[in-house]
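Please treat every number below as a calculation from the coordinates, not as lab data. Keep in mind that this is a model prediction, so the values were computed, not measured. Because the Cβ atoms are built from the backbone with ideal geometry, glycine has one as well, and the counts that use them run over all protein chains shown.
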Amino acid sequence: MPITVTPFDAGIGADVSGLDLARITPAEAATVKEAWIAHQVLRFRGQKLDDDAMADFSGYFGEPEKAPIGFKNRNYMTDRPEVTVISNIKIDGEAIGGLGDGEAEWHSDMTYIDMPPDASALYALEVPPAGGNTWFMDMYHAYESLPDDMKRRLEGLTCKHDATRSSDGRLRQGYSESYSREELPGAVHPLAIRHPESGRTALYLGRRLNAHVMELPPTESEELLDMLWGHLYENARVWTQQWQVGDLVMWDNRCTMHRRDAFDPASRRLMHRTQIRGSAKPVAA
Ligand code: SIN
């Protein structure tokens, strides 16, 4: 079967068909990589992947990163250290994965470190009958749709990305409840970055909570960030993934943000996830 790439009407993301990701060849992976840089988010339906196949597939796009440590200071168990679990399922009262059943707010993954991951992939093993959708936002469009005076205003500005809380708002292991603006643990990145592979400019916000613009006093920083997030909510180009078992979705963390809807705690959702180590520090556009 030929590989077919069908862009979504939303203007971000594409479906890729004609591929068995468990048996992908280097030539096919090169085609996927090209489509991924062009469309930012790719979905592959009807896949059957064990953890080895998922880690091997991810390896075509960079160096798969070991799964981040969960809230109990341990990794969630999978057959490969590069594969972690996102799930609300509990066994003997113990969560088998991260993020539970609540909403995850808009974010890019791990922008609170100096070299955030280039990419992440999520593979659906069990899905709830309703809810738990994952939304992806085009951060090239977010930048390109800003008025010119705002684009100029962002030149030379950087933002602190908070390391202390996860996208579901929980305090991470080892951090305390409150820090001063100066002491907040995290990483500093430009507000507008140049994508190292596409050469395009993306707005780079990470997440809203505790973010601050380093070069501005607190009130001005809040005003600017509120304005940028307000612009996102009014002008966002968004595609929503409604999960089916066997879907694998991979996204470019440098030019997208994502969020997840809550779902009924009585239903089960089980995803396996990989992440590609950052290949470069984000640089100003
Ligand atoms: C994530 O934010 O990485 C997980 C998204 C999801 O559970 O759909």
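Output the direction-averaged projected area (hull surface divided by four) of the convex hull of the alpha-carbon atoms of the chain, in nm². Mind dumping the intermediate values first?
Working: hull surface 59.3 nm².
For the chain, averaging the hull's shadow over all directions gives 14.8 nm².
Using a 10 angstrom cutoff on alpha carbons, build the Gaussian network for the chain and name the most mobile of Ser87, Ser178, Ser58.
Ser178
Quick one: Karplus J couplings for the stretch 105-112, per residue in order, coefficients 6.51, -1.76, 1.60, θ = phi - 60°, nearest Hz, x for Gly and Pro?
6, 3, 6, 9, 6, 6, 6, 7
Which net charge results when you count Lys and Arg as +1 and Asp and Glu as -1 among the other residues whose beta-carbon is under 11 Å from that of Met137?
Value of the local net charge: +1.
Show me 111-117, 180-186 ranked by packing, highest mean number of other Cβ atoms within 10 Å first.
Put in order of decreasing packing, that is 111-117, 180-186.
Please report how far the C-alpha centroid of the stretch 12-53 lies from that of the stretch 212-281, rounded to the nearest whole angstrom.
Each part reduced to its Cα centre gives a spacing of 21 Å.
Here are some pairs, Lys33/Lys281; Lys90/Lys160; Lys66/Lys90; Lys90/Lys281; Lys48/Lys160; Lys33/Lys160; which of them have Cα atoms lying more than 28 Å apart in this structure?
Lys90/Lys160; Lys90/Lys281; Lys48/Lys160; Lys33/Lys160
Can you tell me the relative contact order of the chain? Whole percent, Cα pairs under 8 Å, sequence separation 6 or more.
33 percent
Expressed as a rounded percentage, what relative contact order does the stretch 152-242 have, with Cα pairs under 8 Å and six or more residues apart? List each step's numbers first, then the result.
Details: 94 pairs, mean separation 27.1, N = 91.
Relative contact order comes out at 30 percent.
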